[in-house]
Every structure is written in structure tokens, then in C-alpha cells.
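The values are calculated or read from the model by the stated rules, or taken from the named source; none is laboratory data. Quantities reported herein were computed from a predicted structural model and do not represent experimental measurements. Here Cβ is always computed from backbone atoms with ideal geometry, including for glycine, and neighbour counts include all displayed protein chains. When the accessible area is computed, the model is the full protein with side chains, heavy atoms only, and any ligands, DNA or RNA have been set aside. Shrake-Rupley method; radii C 1.70, N 1.55, O 1.52, S 1.80 Å.
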Amino acid sequence: MREIPVGILGTGKYVPERRLTNQDLEQMVETNDEWIVSRTGIRERRIADPAQATSDLAYEASLRALQAAGLTADQLDLIIVATITPDMFFPSTACLLQERLGAKQSAAFDLSAACTGFIYALATATGFIKTGMYRHILVVGAECLSRITDYSDRNTCILFGDGAGAVVVGEVAEGRGFRSFVLGADGSGGELLRMAGGGSRIPSTAQSVAEGRHFLEMNGRDVFKFAVRVMGSSAEEALAKAGLGKNDIDLLIPHQANVRIIQSAMERLDLPEDKCVINLDRYGNVSSASIPLALAEAVEEGRAKEGDCLLLVGFGGGLTWGASVLIL
Ligand code: ACO
């Protein structure tokens with residue numbers, strides 16, 4: 001039986017208006033612009049308006065992706081939203097988005113794999129289309145990380161921002177589309193990066209809130225070491241699975257957590273800076289939205305063109321990691 005080539009039909013992005021700069025953070029915690037830029041590469045991040053939640057950001061990015069794909073919402077068969085900051089536990093953010101878009105024919109669910117969520121969701125969507133079960137799937141990475149960030153903790157509050165990126169996944173011409181996926185997880189590292197409160201283990205109570213369990217916690221040094229290791233290894237694995245080598249990469253689209261982590265991946269892949277998309281200086285780490293935001297910008301700016309070989313690679317809480325080779 002012929003294998004259906006599956007790829008990206010359209011991309012879209014949305015970031016909130018408000019900017020939180022390093023200078024703003026200097027007024028909030030004991031830090032400074034020089035430290036943040038030299039240790040992370042981040043200069044500012046976007047912060048959602050109090051009236052906005054994750055589904056609102058997802059909605060704006062999805063409208064743009066649908067328009068770019070030349071499709072209407074009622075042509076969608078499935079919506080997958082990758083997020084760790086859903087509007088609420090349930091209904092899922094994907095269901096809230098389905099209603100907002102008027103995507104009446106589509107199924108909808110959220111997927112939780114932290115910053116790797118978008119790559120996990122792309123792999124899931126690709127599987128559904130390859131089996132012939134669905135034709136058009138909206139895949140969104142959207143986050144309001146500002147809502148789970150402790151702005152009195154300088155170890156974390158300098159890193160995160162809000163935003164959304166979306167793509168429509170469907171059948172593409174022969175020779176294009178996803179060539180490989182690598183997905184991984186190591187639950188033994190779950191404590192390195194988590195939000196422990198508000199679930200069934202530590203339900204929200206006045207005490208859990210007083211103890212700050214509703215905020216993201218992170219062991220930055222250990223996550224850093226893990227990230228450097230898996231970014232390189234999963235990127236190489238995805239290339240090998242696709243039958244391609246480092247020289248075939250036109251553009252690396254990495255998760256945007258720390259410029260030093262991205263630089264180590266570039267070194268391992270022998271890639272010059274102009275073959276890598278970096279936008280964390282403007283948006284910080286937007287978890288599952290980082291990769292689709294970077295992809296949508298690269299397409300908008302003409303840096304990613306039809307036929308280009310893209311390598312997407314990410315890591316995150318779980319711990320999780322993932323990579324994919326895509327001929328755009
Ligand atoms: N301003 C000034 N000083 C600071 C700040 C700050 N914002 N934050 C920490 N420091 C201090 C520390 O207290 C420490 O001081 P000490 O030596 O007196 O103890 C010193 O700076 C060095 O701290 P380190 O933690 O060693 O700094 P490092 O160079 O490792 O950078 C960072 C910290 C940026 C957090 C880095 O470890 C990192 O990027 N880790 C990866 C984080 C990441 O990728 N998270 C992904 C999240 S993905 C997801 O699923 C949400």
C-alpha cells in the first residue's frame with residue numbers, strides 16, 4: 001500500500017503585546033541584564049493580558065495557520081493542543097479552541113509533554129494521517145507560563161514567557177513531509193522540572209498555595225546537562241533514521257530554552273549560526289510554543305522554504321525529548 005506523505009500545510013503564530021524586559025526584572029528580583037543575557041541569551045519575553053488564557057493565544061495562532069493552509073475550521077478532523085498551562089484541568093484547551101474556531105467536525109484533545117509537547121503532537125498527528133483515519137489536523141503549542149511562574153524566584157522568572165504557534169498537518173506532495181521522528185522520556189528525572197501542586201497528589205489548598213506549590217520548580221543545572229546531552233543525541237538519531245547527514249540540514253529549529261544549550265547542539269551538528277533559528281532573545285522559553293513559533297517566523301521571513309530540510313529538536317519536563325526531520 002502507498003505510504004501517505006505527511007507534512008505541514010500552513011503555519012501561524014501569536015504573541016501577546018506586553019513585553020517583560022530584563023530591565024523590568026531588575027526591579028522585581030536581584031538580577032541584572034548582563035547576567036541574564038550572558039547566561040541565557042534572553043532579553044525580553046511576552047506576557048499575556050490578564051483577560052487572556054492559553055486558548056485565546058492558541059486561537060489567534062490557529063486562525064493564521066488555517067489561513068496559510070487555505071482551509072476552513074470545518075475541514076479539520078482533529079485538534080491537538082500541546083500545553084502545560086491549559087485554561088483549566090478540563091474541558092481540555094483543545095475543546096475550548098474547537099468551540100472558538102467552530103471546528104464542528106473535529107475531535108479534540110490536549111497532549112502533555114512539556115517543552116517537547118509540540119514534537120510529540122506532530123508525531124501523533126502524522127500517525128493518524130498515515131493510517132488514513134484523518135486528513136487535516138491542527139497541531140498547536142500554546143502556553144501562558146507567566147501564570148505558573150514565581151516572580152520572586154530569580155532562578156526561574158527570567159526564563160519564561162507566553163505565546164502560541166500552530167500548524168495544519170496533512171498530505172503533501174511526494175518527496176516532502178516528515179522523514180523521521182524520535183521521541184523519548186525518562187520519568188526518573190521528573191522532579192527536576194515540575195509543577196507539583198494543584199493535581200491529585202497535592203490538591204490546591206490554602207496551605208499548598210502558601211507553600212508556592214502552584215509554581216513551576218526547576219533544578220536549572222541538572223536540566224541544563226540533560227538538555228545538552230539529549231539535544232545532540234536525538235538530533236543525530238533523527239537524521240540517521242531519515243537516512244540523512246549533518247550536511248543535509250538547511251535549518252535547525254531547536255527548543256528555545258537557553259542560547260548556550262542551542263550553541264552546543266549547533267557545535268555537535270557542525271552548523272553555522274545562519275542555519276539555526278533563535279528567537280529566545282525576544283520571547284524567552286515558551287515551552288511547547290517555542291518550536292512552532294520559531295517555525296512560523298522562519299516561514300514568514302522566508303528563511304524556511306518549500307523543499308528545505310528542517311531539523312526540529314526539543315527537550316523538557318518529564319523528562320522528555322524529541323526530534324524530527326521535515327522536508328518542508
Ligand atoms: N540573576 C543573577 N544571578 C542568578 C540568577 C539571576 N536571575 N539566577 C541564578 N543566579 C545565581 C545563582 O544563585 C548562582 O549563584 P551562586 O553561585 O552564588 O550559588 C549563580 O548565579 C550561578 O547559578 P547557576 O544555576 O549555576 O547558573 P547557570 O549558569 O546554570 O544558569 C540557568 C542558570 C540559566 C537556569 C541554566 O541552568 C539553564 O538554562 N538551565 C536549563 C533550564 C531549562 O532549559 N529549562 C527548560 C525548561 S523546559 C520545560 O519543560 C518548561
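Taking a ≥ b ≥ c as the square roots of the eigenvalues of the Cα gyration tensor, segment 84-144 is oblate, since a/c reaches 1.5 or more and a/b is not larger than b/c.
Each principal axis of the Cα cloud of the chain was taken in turn, and the coordinate range along them, longest first, works out to 58, 46, 37 Å.
Counting protein heavy atoms only, the chain has 49 percent of its accessible area on carbon and sulfur, 1.4 angstrom probe.
Rolling a 1.4 Å probe over the protein heavy atoms gives the chain an accessible area of 42 Å² per residue.
The stretch between LYS241 and GLN207, if pulled fully straight at 0.36 nm per residue, gains 7.3 nm over its current Cα-Cα span. Of the GluC sites (Glu not before Pro) found in segment 173-254, the ones in coil according to DSSP and having at most 10 other Cβ atoms within 10 Å of their Cβ are GLU174.
When you filter the trypsin sites (Lys or Arg not before Pro) in segment 58-155 for DSSP loop state and at most 13 other Cβ atoms inside 10 Å of their Cβ, you are left with LYS104. By the equivalent-ellipsoid construction on the alpha carbon gyration tensor, segment 1-138 comes out with semi-axes of 34, 17, 14 Å, ordered largest to smallest. With a threshold of 28 Å on the Cα-Cα distance, the over-threshold entries among LYS246/LYS305; LYS13/LYS305; LYS130/LYS225; LYS13/LYS130 are LYS130/LYS225. Each Lys or Arg adds one and each Asp or Glu subtracts one; over the other residues with Cβ under 12 Å from the Cβ of LEU244, this totals -1. The helix-only estimate of mean residue ellipticity at 222 nm for the chain, built from DSSP H runs of length n ≥ 4 each weighted as -39500 (n - 2.57), is -9500 deg cm²/dmol after division by the residue total.
In this rough spin-label picture, where each label sits 7 Å from Cα along the Cβ direction, the SER38-GLN23 distance is 2.1 nm. I need the shape label for segment 165-254. Rule: rounded when a/c is under 1.5, else prolate if a/b > b/c, else oblate, with a, b, c from the alpha carbon gyration tensor. Because a/c hits 1.5 or more and a/b exceeds b/c, segment 165-254 counts as prolate. Checking every one of the trypsin sites (Lys or Arg not before Pro) in segment 272-318 against DSSP loop status and a limit of 13 other Cβ atoms within 10 Å picks out LYS305.
Label segment 110-155 by shape, choosing from rounded, prolate and oblate, from the square roots a ≥ b ≥ c of the eigenvalues of the Cα gyration tensor; if a/c is under 1.5 it is rounded, and otherwise prolate applies when a/b is larger than b/c, oblate when it is not. Because a/c hits 1.5 or more and a/b exceeds b/c, segment 110-155 counts as prolate.
Legend: calculated FRET efficiency, ARG260 to ARG2, from the Cβ-Cβ distance at R0 = 51 Å, rounded to 0.05, equals 0.70.
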